[in-house]
Amino acid sequence: MSNRAKLAVGGVGIGIVLLILGVPWWLALLVVVGVPVAAYLTLDPSQRRRLKRISRREIGR
């Protein structure tokens, strides 16, 4: 399983747990979307370029 898939599964799991705990759906959605965005923004510009390059290469397969 790729790292991207693991992150997606983890985000969905966190969202489901938050919904079960009674957190409003919009707040759970904000957490699920906000965590990967925050992680992306913490990357250096060179790491972002590498991530984009790898993603494009995988799409072409």
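The values are calculated or read from the model by the stated rules, or taken from the named source; none is laboratory data. Please read all numbers here as calculations on a predicted model, not as lab measurements. A quick note on method: Cβ atoms are made from the backbone with ideal geometry, for glycine too, and the neighbour counts reach across all protein chains shown. With ligands, DNA and RNA removed, areas are computed over all heavy atoms of the protein, side chains included. Shrake-Rupley method; radii C 1.70, N 1.55, O 1.52, S 1.80 Å.
To the nearest 0.05, how large is the calculated FRET efficiency for residue 33 and residue 55 if R₀ is 25 Å and r is the Cβ-Cβ distance?
After rounding, the FRET efficiency stands at 0.90.
Which angle between 0 and 90 degrees, to the nearest 10, do you get for helix 25-41 versus the longest principal axis of the chain when only C-alpha atoms count?
Compared with the principal axis, the helix lies near 30 degrees.
Can you sort 21, 30, 51 by 1.4 Å-probe accessible area, starting with the largest? Walk me through the numbers before you get to the answer.
On the way: 21 130, 30 105, 51 65 Å².
The most accessible residue leads, giving 21, 30, 51.
Between residue 43 and residue 17, what length comes free when the chain is fully extended (0.36 nm per residue of separation minus the Cα-Cα distance, one decimal in nm)? Don't jump to the answer; show the numbers that get you there.
On the way: separation 26, 0.36 × 26 = 9.36 nm, distance 2.74 nm.
The span from residue 43 to residue 17 would gain 6.6 nm if fully extended.
For the chain, take the longest principal axis of its alpha carbons; what is the angle in degrees between that and the long axis of helix 45-59, to the nearest 10 within 0 to 90?
90 degrees
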